[in-house]
Amino acid sequence: MTKEGYTRSYQWLLHIAIWAVLFGMPFFSPRPGQPLHGSTNYIRFIPTLVSFLVVFYVNYFILIKKYLYNRKLGLFILWNILLIAVASLLVHLSHRFVFPMSSVPPAPRGPRPIGGPGGPGPGRTISFIIRNSLIYIGIICVAVAIKMTERWYRDERKRQEIEKANAEAELSALKSQVNPHFLFNTLNNIYSLIQIDQDKAQEAVHDLSGLMRHVLYDSDRPMVSLKSEVDFIKDYVKLMSMRCSSDVKVDVSLPEDGSELEIAPMLFLPLVENAFKHGISSGEESFIKIDLHEDGKCVSCLVENSYHPKDDKDRSGSGIGIKNLCRRLEMIYPGNYTFEYGKVQDIFRCLLKIDTGLSKEE
């Protein structure tokens, strides 16, 4: 059974329990000299209870949905006035002609039987109708409150489902942006490598095929092992380092053991991509430092590089990496990550810390 089915079952069980209590009340309403109501008194009580039930469910199933939901308050009030008048009249007639008071043994003392007008006379009849009408109005208010609350919960559940679907669609779109962005930067690096060393370029194409398997298959999963991400970064750094000259120092520190800690895929790639894109200069000494380690369920990634920003003529990438990463982090690890990046003197520094214990995709 679905969650919605369980909710409906609980609602009907609650309805049954409430009406069972109301129908059983006469048996537990002692009067002086008469501990429990007799069968005749209870029979006189039933038409009143049935009228309460009819007024409640006519509103619950018909009038509220047809008129209140459609903002037709006047018609809703008019139909309820008619409903109350008919219910009061029928209950009064049942007490007067079907279950007359003369058929009930008089009690020595105490109040009148529940639900009865009490005896002949226009004054008592009017008092009975007014009293029951007020009860009917209270029942209508309860029906409106319950129905509106149910509608609010239903609308809230739908809103959450829509938000979840939209978030999943946006996250999928962000993931799909990572793949071509990664491929574009890598192919641009191989293109530059062809002009320097064709043998290395061929090796780079072979290595790229292995990286693409990770991008195409693992990145579609909501979570992957940290080990697979570390292996991917190792292969990516190896591929990108092929075109680096001796003036570029690449220092990489990654976990050596095979951690099975799970993490969202390709979160660290934009930091490494950004370092190779803006941290290398053809005419100056450059460096790239990558330090990724885990501490319990927390993962930290520090990437530092010399700052050599590209000019407007450089078309290698569209600059979506960091922006995309920030949005993905906010969607997957809201409140469970810290991300700092920016220029510090002549160094560009990125520090990402993620608590993998909690995430929206788990």
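This table checks each residue for (1) over 24 Å from R328 (Cα atoms); (2) surrounded by fewer than 18 Cβ atoms within 10 Å (Cβ to Cβ).
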{"position": "T149", "(1), (2)": "yes, yes"}
{"position": "W152", "(1), (2)": "yes, yes"}
{"position": "K158", "(1), (2)": "no, yes"}
{"position": "I196", "(1), (2)": "yes, yes"}
{"position": "H206", "(1), (2)": "yes, yes"}
{"position": "M212", "(1), (2)": "no, yes"}
{"position": "V215", "(1), (2)": "no, no"}
{"position": "P222", "(1), (2)": "no, yes"}
{"position": "F232", "(1), (2)": "no, no"}
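Quick check on region 209-223. Is at least one of its residues closer than 27 Å to E284 by Cα, touching a residue at least 24 places away in the same chain (Cβ under 8 Å) and of a type outside the set (D, E)? Lay out the reasoning, then the answer.
The first filter runs over region 209-223 and keeps only residues closer than 27 Å to E284 by Cα, leaving none.
Looking for residues that are closer than 27 Å to E284 by Cα, touching a residue at least 24 places away in the same chain (Cβ under 8 Å) and of a type outside the set (D, E), one finds none in region 209-223, hence no.
Based on this model, can you work out whether L239 counts as over 30 Å from the mean Cα position of the chain (by Cα) and crowded, with 18+ Cβ neighbours inside 10 Å?
Yes, satisfied.
Among the residues in region 311-326, are any modelled with pLDDT of 85 or more, among the basic types (K, R) and loosely packed, with under 14 Cβ neighbours inside 10 Å?
Yes, that holds for at least one residue.
Determine whether L171 is modelled with pLDDT of 80 or more and within 30 Å of L269 (Cα to Cα).
no
Would you list the strands (runs of 3 or more DSSP E) that sit entirely within region 219-312 and hold 2 or more residues that are out of contact with any Phe, Trp or Tyr (no Cβ under 8 Å at 6 or more places or on another chain) and under 16 Å from K353 (Cβ atoms)? Spell out how you get there, then give the answer.
Values: elements: 248-253, 286-295, 298-306.
Once the strands (runs of 3 or more DSSP E) in region 219-312 are filtered for at least 2 residues that are out of contact with any Phe, Trp or Tyr (no Cβ under 8 Å at 6 or more places or on another chain) and under 16 Å from K353 (Cβ atoms), what remains is 286-295, 298-306.
Can you pull out the residues in region 327-336 that are closer than 18 Å to V272 by Cβ and either at pLDDT 95 or above or charged (D, E, K, R) (or both)?
If the condition is that a residue be closer than 18 Å to V272 by Cβ and either at pLDDT 95 or above or charged (D, E, K, R) (or both), then R328 is the only one that fits.
I need a count of the residues in region 9-67 that are at pLDDT below 70 and of a type in the set (A, V, I, L, M, F, W, C).
Of the residues in region 9-67, 4 are at pLDDT below 70 and of a type in the set (A, V, I, L, M, F, W, C).
Search region 263-306 for residues being of a type in the set (A, V, I, L, M, F, W, C) and under 17 Å from S192 (Cβ atoms), and hand back the single one that is farthest from the chain's Cα centre (by Cα). Spell out how you get there, then give the answer.
Residues of region 263-306 of a type in the set (A, V, I, L, M, F, W, C): 263-264, 266-269, 271-272, 275-276, 280, 287-288, 290, 292, 298-299, 301-303.
Checking which are under 17 Å from S192 (Cβ atoms) leaves us with 275-276, 280, 288.
Numbers: A275: 36, F276: 38, I280: 44, I288: 41 Å.
Filtering first and then ranking leaves I280.
Give region 217-255 a look and list any residue that's hydroxyl-bearing (S, T, Y) and in contact with a strand residue (DSSP E or B) (Cβ under 8 Å, 6 or more places away or on another chain), or say none.
First, the residues of region 217-255 that are hydroxyl-bearing (S, T, Y): 217, 219, 225, 228, 236, 241, 245-246, 253.
Matches in region 217-255: S225, S241, S253.
The values are calculated or read from the model by the stated rules, or taken from the named source; none is laboratory data. What you see is a predicted model; the values in this text were computed from it and never measured. Backbone-built Cβ (ideal geometry, glycine too); neighbour counts: all protein chains shown.
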